[in-house]
Amino acid sequence: MAWLREQWQRTKHFFGRRRFDDDLAEEMRLHLDLRVAENPSAERDARIRFGNVARIQENSRAAWRWLVLESIFLDIRYGIRMLASSPAFTVAAIVSLTLAIGANTAIFSLLNATMLRTLPVRDPGQLVAIEIGETPYVDNPHWEKIRDHASALDGALAYGATRFDLSTGGDRQLIEGLMISGSYFKTLGVPAFRGRIILPDDDKRGGGSNGPVAVISQRFWLDHFNGDPSVIGRTIQLDRHAFQVIGVTPAWFTGLDKDRRYDVAVPLTYDPILTGNSPDDSSYWWLTVVGRLRLGITPERAESMLRALDSSFSKGDGLLRLHPFATGFSALGEQYGKALFTLQALVAIVLLIACANVANLLLARAAARQRELSVRLAIGADRGRIIRQLLTESLLLASGAALAGLTLAVWGTRLLVRMLSSSQRLVELDPQLDLNVVAFTAFAVVLTTLAFGLLPALRASSARPNSVLKESAGVGRQFGMTRAIIVIQLALALTLVSAATLFCESFRAMLNVDAGFDSRHVLVANASVPQGTPLARSRPVFEEVLGRLRRIPGVVASSRSSRTPVEAGWWQWSVAADVPRPGSARSSVYFNCVSPGYFQTLGARLIAGRDFNADDSPTTERVVILDEAAARLVLGSAADPVGRTVVMRAPDLSGKSVPARVIGLVKNMKYSSLSEAPHPTMVAPLSQVGFAATSTSFEIQLAPGEPARRALPLIRAAMIATDKNLSFEFQTLEAQVSDSLIEPRLLAAVSGFFGAIALVLAATGLYGVIAYSTARRKSEIGIRMALGATPRHVVYLVLQNTAWTLVIGAAAGLALAYFAGRVVGSLVFGVRPADPQVLGVALAALILTAALAAYLPARRAARVDPMDSLRME
């Protein structure tokens with residue numbers, strides 16, 4: 001109770017301090033008057049015996065106040081006044097720090113959204129992903145085995161991402177879908193916002209007890225049903241199949257894929273109906289399996305218990321592993337994680353350069369405040385108190401920059417998300433300012449405060465009181481510090497500029513790479529017929545569409561294929577030479593099925609042999625075309641493969657080995673990425689493929705100058721006239737190729753922007769130091785000119801002193817740039833990580849920028865009037 005009463009008294013004193021101060025002053029005056037009244041003739045002695053009134057009052061306040069809090073409050077108030085008195089300095093410091101902190105927060109927000117933020121589900125730390133072999137996916141037979149016999153898990157779920165088509169023909173209306181196990185929502189602890197969730201009874205082979213059901217997200221409910229409460233029981237068409245809506249999930253749950261929000265989820269049992277895949281197909285690995293560990297079971301123990309389920313879980317390539325899944329899955333993080341970490345390192349360098357810039361500004365400002373600080377030290381101020389005051393001012397600068405940087409980060413993160421989105425799919429990340437982002441920004445504030453504020457504070461507080469009488473005292477040491485900081489700035493700037501040059505050269509190399517095909521004037525149409533359509537029906541439909549396309553005015557050539565160039569994913573087949581070479585074995589090559597005219601439509605060059613034609617039918621000899629890489633891999637040479645025979649897996653997916661004659665050799669074509677090395681690829685005619693395909697891609701080459709918007713209505717009409725149930729979507733091949741360049745484009749754009757910012761910051765710092773030094777040497781320069789020195793000599797003198805700073809900074813920067821290039825080597829294409837040309841370009845940019853920054857104050861110094869300088873002396 002006594003402690004509470006004391007705190008209450010302190011609180012009363014804190015909020016009523018003016019009244020208490022007046023009472024205390026009055027009490028001190030009365031005590032002093034009493035001492036004087038005892039001996040009026042010895043007033044001075046009475047005052048001496050009474051003691052220092054200010055100190056007695058301070059000691060009295062200490063008994064009843066939180067002096068530390070009041071002291072901090074006074075430091076903040078004084079710091080704000082000091083910063084407001086120097087608006088130019090304050091604005092310059094906050095702007096440079098805002099840009100740096102904002103950039104760091106923006107990149108971290110993306111990393112946090114993709115890799116760090118935990119899922120909004122029950123006990124996310126107990127979730128583990130189950131992987132078998134080298135792939136993160138599992139086939140349905142293995143999933144069912146884990147589901148039915150995993151005693152180490154307190155629930156398990158499986159899901160596969162897909163896209164559903166809401167249309168019943170014509171232009172596709174694609175939405176994001178999930179095929180989920182009946183335990184999906186229950187294992188995650190996600191309730192229904194309306195209706196009910198999908199349950200195990202809905203996910204049974206052959207169809208659930210309640211028929212085809214679906215759960216929709218709240219976003220889909222609002223967008224497509226206007227938030228209608230009577231949505232439960234309504235029917236939606238997914239890939240031309242009817243599903244009954246049984247529930248709506250809460251807005252906070254968007255799925256386990258963090259950059260892909262689902263719209264509709266249906267039970268796994270309906271995958272065979274929607275895709276035609278058999279639930280017993282062990283070659284179809286597409287499910288993500290997640291389990292919840294039982295209480296007291298470690299991941300290692302659960303892993304060993306799961307491996308005991310089946311011998312295939314514990315052998316060779318089938319080895320089962322568990323991975324933490326608290327943060328969910330992000331395709332963006334998997335694909336661009338290294339690029340994002342690289343960008344985080346680059347913007348961290350920008351922050352260091354900005355800190356160095358502000359440190360130099362603070363050193364110059366401390367020199368201007370030397371008299372004030374010396375007087376405060378002379379009258380008894382503690383050095384620690386001075387340091388705290390200066391650090392408080394630095395903290396105010398960093399805090400103001402952080403607040404502005406958070407606003408900038410929100411805008412910058414949205415821009416980065418748009419840059420990561422493709423023409424066909426928008427990245428749906430939610431980079432919100434959560435606790436992780438706020439903590440990161442707070443850490444950045446503290447770190448930057450120490451980085452740019454500690455050294456100037458220590459330097460300023462070390463001034464001796466007699467330095468007030470010696471104006472030039474300490475100038476040389478302070479100028480040496482600023483030179484050292486400039487060296488650091490130049491080295492970091494050169495590192496960042498070299499990295500930016502490296503990424504820009506890599507992006508340019510990708511743009512100029514020989515892809516083996518011409519993407520100009522080519523339109524890609526992805527079309528599909530209803531699932532379950534037999535081959536005897538789908539093949540004539542696709543062939544008729546192809547014939548109609550070739551008759552459209554403005555269409556130069558047209559073809560169809562199973563996959564188009566530079567398309568995500570791959571298709572591999574096993575193949576070998578009919579007469580194996582010594583030491584050779586069956587090889588895995590990339591595969592594609594195309595129609596006659598495919599290579600002509602894409603402008604690919606047939607080096608030898610012939611293209612497919614109408615005579616290549618299911619009843620004739622099987623034929624294939626190899627690219628140069630496949631001919632070397634399978635046959636040992638690309639010199640003369642035409643007429644040779646290879647043995648491949650049967651096109652009907654029966655697994656049988658069948659012979660095929662090589663009828664052509666085509667130049668290497670990029671298969672799934674422009675940055676990939678030539679992948680051995682084998683191409684077969686679609687007419688000899690025996691498995692049913694309900695979707696295909698058409699490549700349509702338009703005449704140069706023929707706009708796609710004019711041809712599209714005619715293409716749509718041709719498809720609808722062929723089959724009104726045909727659905728389709730369009731994209732130019734150039735856009736598809738451009739989508740494959742998202743990562744190098746992002747690295748080049750962001751690193752290039754911040755490389756330029758780094759140069760500006762370094763140049764600004766160098767300019768400030770040289771301008772300060774020339775101002776200090778104004779009298780010396782005037783005397784030199786009075787004795788006969790020419791302006792040219794003065795400029796040379798200033799630049800000569802600057803040259804050594806630049807040489808040291810450039811040498812350190814080149815070493816750092818070489819190391820940085822080796823680190824990011826896996827992210828560049830067509831250029832060596834430590835390419836001398838790249839380093840040379842970066843060095844030239846730094847030298848030119850530094851020369852300009854040094855020349856401007858040197859030229860101003862050369863215009864000094866000698867008489868004015870001598871009068872100042």
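The values are calculated or read from the model by the stated rules, or taken from the named source; none is laboratory data. Because the structure is a prediction, the values reported are computed rather than measured. Glycine also receives a Cβ, built like all others from the backbone with ideal geometry; neighbour counts cover every protein chain displayed. Heavy atoms of the whole protein, side chains included, go into the accessibility calculation; ligands, DNA and RNA do not. Shrake-Rupley method; radii C 1.70, N 1.55, O 1.52, S 1.80 Å.
Some notes on this structure:
- Of all residues in segment 699-709, at least one satisfies being under 30 Å from ALA557 (Cβ atoms), free of Cβ contacts under 8 Å to residues at least 24 places away in the same chain, over 26 Å from the mean Cα position of the chain (by Cα) and in a helix (DSSP H, G or I).
- Unmet requirement for MET719, which otherwise passes all of (1) crowded, with 20+ Cβ neighbours inside 10 Å; (2) modelled with pLDDT of 90 or more; (3) under 26 Å from SER421 (Cβ atoms); (4) of a type in the set (A, V, I, L, M, F, W, C): (3)
- Residues of segment 68-110 that are surrounded by fewer than 20 Cβ atoms within 10 Å (Cβ to Cβ) and within 29 Å of the chain's Cα centre (by Cα): ALA92, VAL95.
- Residue in segment 664-679 that is open to solvent by 10 Å² or more (accessible area, probe 1.4 Å), aromatic (Phe, Trp, Tyr) and at pLDDT 85 or above present: yes
- Across segment 474-521, the qualifying residues are those that are more than 31 Å from the chain's Cα centre (by Cα) and among the aliphatic types (A, V, I, L, M), and the one among them that is modelled with the lowest pLDDT is VAL475.
- Residue within segment 613-626 that is in contact with a Gly (Cβ under 6 Å, 6 or more places away or on another chain) and either of a type outside the set (D, E, K, R) or surrounded by 14 or more Cβ atoms within 10 Å (Cβ to Cβ) (or both) present: yes
- Some residue of segment 460-473 being modelled with pLDDT of 75 or more, assigned to a helix (DSSP H, G or I) and in contact with a helix residue (DSSP H, G or I) (Cβ under 7 Å, 6 or more places away or on another chain): no
- Of all residues in segment 414-438 being part of a loop (DSSP other than H, G, I, E, B) and either of a type in the set (Gly, Ala, Ser) or at pLDDT 85 or above (or both), the one that is least open to solvent (accessible area, probe 1.4 Å): SER421
- The residues in segment 198-234 that are under 18 Å from ALA251 (Cβ atoms) and open to solvent by 30 Å² or more (accessible area, probe 1.4 Å) can be counted, and the count is 9.
Quick grid of which residues meet (1) out of contact with any helix residue (DSSP H, G or I) (no Cβ under 8 Å at 6 or more places or on another chain); (2) closer than 30 Å to SER697 by Cβ; (3) among the polar types (S, T, N, Q):
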site: ASN140; (1), (2), (3): no, yes, yes
site: ARG147; (1), (2), (3): yes, no, no
site: LEU157; (1), (2), (3): no, no, no
site: SER183; (1), (2), (3): no, no, yes
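- Tally of residues being assigned to a loop (DSSP other than H, G, I, E, B), open to solvent by 20 Å² or more (accessible area, probe 1.4 Å) and in contact with a Leu (Cβ under 8 Å, 6 or more places away or on another chain) across segment 174-197: 1
- Exactly one residue out of ILE847, ILE783 is at pLDDT 75 or above, open to solvent by 20 Å² or more (accessible area, probe 1.4 Å), more than 30 Å from LEU674 (Cβ to Cβ) and in contact with a helix residue (DSSP H, G or I) (Cβ under 8 Å, 6 or more places away or on another chain): that is ILE847.
- Residue in segment 308-320 that is of a type in the set (D, E, K, R), free of Cβ contacts under 8 Å to residues at least 12 places away in the same chain and open to solvent by 20 Å² or more (accessible area, probe 1.4 Å) present: yes
- Test: residue in segment 265-275 that is open to solvent by less than 20 Å² (accessible area, probe 1.4 Å) and farther than 26 Å from VAL138 by Cα: no
- Selection status of ARG163, charged (D, E, K, R), outside any loop (DSSP other than H, G, I, E, B) and either touching a residue at least 12 places away in the same chain (Cβ under 8 Å) or open to solvent by less than 10 Å² (accessible area, probe 1.4 Å) (or both): yes
- In segment 682-698, residue farthest from ARG551 (Cα to Cα) [restricted to those that are β-branched (Val, Ile, Thr) and assigned to a strand (DSSP E or B)]: VAL683
- 3 or more residues of a type outside the set (Gly, Ala, Ser) and closer than 30 Å to SER528 by Cβ: qualifying helices (runs of 4 or more DSSP H) within segment 711-820: 733-739
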